[in-house]
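Enquirer: The structure that follows is given in the form of structure tokens.
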Amino acid sequence: MSVTIKDVAKRANVAPSTVSRVISDSPKISERTKRKVRKVMEEMGYHLNYNARVLVQRSTKTIGIVMKNSASQSLHNPFVPEVIRGISSSCRQLDYSINLTTGESEEAIFEDVVKMVQGKRVDGLIVLYSKKDDKVVPYLKENGIPFVVVGKPMTGSSTIMSVDNDNIQAAQEVTEYLIGLGHKRIAYIGQESEFQFAKDRLNGYLAAMQEHDLKPDEDYYLKSFHFDREKGKQVVEKLMALPEPPTGLIVTDDINAMIVLLVLQEMDIKVPDEVSVVGFNNTIVSTLSSPALTSVDTQTYQLGHESARSLIELINDPGMFKKSVIIPTVLEIRESCAPCKEVIEPLTEIR
């Protein structure tokens with residue numbers, strides 16, 4: 001037979017109502033009593049009946065996670081599992097479970113969200129992106145469901161709780177780093193322009209270049225190939241075939257940066273002797289590449305951990321102030337960057 005609350009109460013020599021309050025972490029119960037009851041629960045192998053609690057408390061104790069791409073595509077990017085690891089850590093501490101979207105298209109992902117909300121399968125959701133013309137965030141706002149966005153909201157930031165990096169500053173700093181190494185021809189390989197973080201990083205790169213009286217031609221930026229080896233090869237070959245090829249490359253994802261390194265190797269262009277390369281996110285890929293990749297650490301785990309903690313706060317207090325949390329970035333310097341060996345004049349001086 002399974003262990004009941006009455007069994008635990010009898011062994012702990014307390015009332016069944018006390019055990020129930022310990023389970024719900026009631027402030028009316030002393031920490032000493034909570035420790036005593038929890039020890040007995042563990043010794044007796046008591047497990048909470050979650051289905052019963054859902055009926056009584058009208059709470060699922062579950063958080064939904066909305067990915068920006070299909071599960072199969074998203075989980076190939078080391079950034080996403082690391083964010084989920086941070087979310088899981090917070091949820092485990094606060095006794096919550098997680099539920100992932102599994103749709104293979106943007107429309108299917110939205111349908112997953114609708115099913116989570118209408119089926120009351122989750123208490124709130126974490127949206128792992130911020131993008132233009134998104135259907136998910138407006139739907140959640142309209143239905144009054146607690147949610148947190150990982151990223152800077154495109155609109156209505158004062159009414160949306162979010163957790164993000166300062167992507168403009170991060171891109172400025174990494175561009176400044178390459179300029180400090182003597183590089184003036186610096187190219188930027190971005191991601192899909194509908195995502196807010198991609199816009200911010202591009203703007204940070206351009207701001208730093210302008211600050212140093214450098215104005216790159218448009219051939220030097222707005223490149224994207226999203227984990228596609230063949231498209232990555234086309235982008236890199238086109239850049240390096242320019243009359244004045246770049247000596248520094250900023251790539252806004254470690255996976256894409258790894259593709260860049262492989263293509264440069266195939267072209268017999270030495271990194272960092274001839275070209276310096278920087279990535280973003282500081283995933284495990286950055287330490288396994290050859291040479292090891294200099295990368296902007298966006299503290300992905302902390303993004304996930306803080307987003308879950310903030311969401312659970314919001315679930316418990318729906319009327320709370322919708323805060324915006326900024327997680328600092330750190331540039332991890334490795335072997336893929338070196339001082340520029342060329343004495344190069346600025347591409348175009350801004351007059």
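The values are calculated or read from the model by the stated rules, or taken from the named source; none is laboratory data. Just so it is clear, the structure is predicted and the values come from calculations on it, not from any experiment. Reconstructed Cβ throughout: ideal geometry from the backbone, glycine too, with neighbour counts over all protein chains shown. Heads up: the accessible areas ignore ligands, DNA and RNA and are worked out on the full protein's heavy atoms, side chains in. Shrake-Rupley method; radii C 1.70, N 1.55, O 1.52, S 1.80 Å.
Enquirer: Taking the highest mean first, how do the peptides 2-14, 315-327 order by number of other beta carbon atoms within 10 angstrom per residue? Please report the intermediate quantities before stating the final value.
Expert: Values: 2-14: 15.7, 315-327: 13.1.
Going from most to least packed, we get 2-14, 315-327.
Enquirer: A further question on this structure: Would you work out if segment 53-163 is rounded, prolate or oblate? Take a ≥ b ≥ c from the square roots of the eigenvalues of the alpha-carbon gyration tensor; rounded if a/c is under 1.5, else prolate when a/b is larger than b/c, oblate otherwise.
Expert: Cα axes put segment 53-163 in the rounded bin.
Enquirer: Between segment 309-330 and segment 71-101, how many Å separate their Cα centres?
Expert: If you average the Cα positions of each part, the centres end up 17 Å apart.
Enquirer: If you build a Gaussian network model of the chain, linking Cα atoms that sit under 10 Å apart, which residue out of 145, 87, 255 swings the most?
Expert: Result: 145 has the largest fluctuation of those listed.
Enquirer: Oh, and also: Work out how much length residue 321 to residue 228 would gain on full extension: take 0.36 nm times their residue separation and subtract the Cα-Cα distance, in nm to one decimal. Display every interim value, and only then the final one.
Expert: On the way: separation 93, 0.36 × 93 = 33.48 nm, distance 4.12 nm.
Once the chain is fully extended between residue 321 and residue 228, it gains 29.4 nm.
Enquirer: Count the DSSP beta bridges whose two residues both fall in the chain, then state the antiparallel fraction as a percent rounded to the nearest 5.
Expert: Working: 4 of 32 bridges.
DSSP beta bridges in the chain are roughly 10 percent antiparallel.
Enquirer: Only one of the values (i) 21.4; (ii) 23.2; (iii) 16.6 was calculated from this structure for mean projected area of the Cα convex hull in nm²; name its label.
Expert: (i)
Enquirer: At a threshold of 8 angstrom on Cα-Cα distance, excluding pairs fewer than six apart, so keeping six or more, what relative contact order does segment 184-308 reach in percent?
Expert: Working: 175 pairs, mean separation 28.4, N = 125.
Averaging sequence separation for qualifying contacts and normalising by length gives 23 percent for segment 184-308.
Enquirer: I'd like the FRET efficiency for residue 333 and residue 42, computed as 1/(1 + (r/R0)^6) with the beta carbon distance as r and R0 of 45 Å, rounded to 0.05. Each step should come with its number before you reach the end.
Expert: On the way: r = 46 Å, r/R0 = 1.03.
E(calc), rounded to 0.05, equals 0.45.
Enquirer: Taking the Cβ of residue 208 as the centre, find all other residues whose Cβ is under 10 Å away and add up their charges (Lys, Arg: +1; Asp, Glu: -1).
Expert: Taking every Cβ under 10 Å from that of residue 208, the sum is -3.
Enquirer: Let me ask you something else. Is any residue of segment 303-330 close enough, with backbone N under 16 Å, to a label point placed 7 angstrom from the Cα of residue 121 along the Cα-Cβ axis, and if so, which?
Expert: No residue qualifies, since no backbone N sits under 16 Å from the label point.
Enquirer: Accessible area per residue, 1.4 Å probe, Å², for the chain: what's the number?
Expert: With the other protein chains kept in place, the chain gives 50 Å² per residue.
Enquirer: Which value at 222 nm does the chain reach when only helices count, each DSSP H run of 4 or more adding -39,500 (n - 2.57), with the total divided by all residues and rounded to the nearest 500 deg cm²/dmol?
Expert: Working: 14 runs with 155 residues, N = 351.
Dividing the helical sum by the residues of the chain leaves -13500 deg cm²/dmol.
Enquirer: Please report, as a whole percent, how much of the solvent-accessible surface of segment 177-308 comes from carbon and sulfur atoms (probe radius 1.4 Å).
Expert: In segment 177-308, the share of accessible area belonging to carbon and sulfur is 47 percent.
Enquirer: Quick one: grab the alpha carbon gyration tensor of segment 202-307, order the square roots of its eigenvalues as a ≥ b ≥ c, and give me rounded if a/c is under 1.5, else prolate or oblate depending on whether a/b is larger than b/c.
Expert: On the way: a/c = 1.81, a/b = 1.22, b/c = 1.48.
The shape class here is oblate.
Enquirer: Sum up the charges of everything whose Cβ sits under 13 Å from the Cβ of residue 38, counting Lys and Arg as +1 and Asp and Glu as -1, but leave residue 38 out. Intermediate values should be presented prior to the final figure.
Expert: Working: positive: 11, 21, 32, 34, 35, 36, 39; negative: 25, 31, 42, 43, 95.
So the environment of residue 38 carries a net charge of +2.
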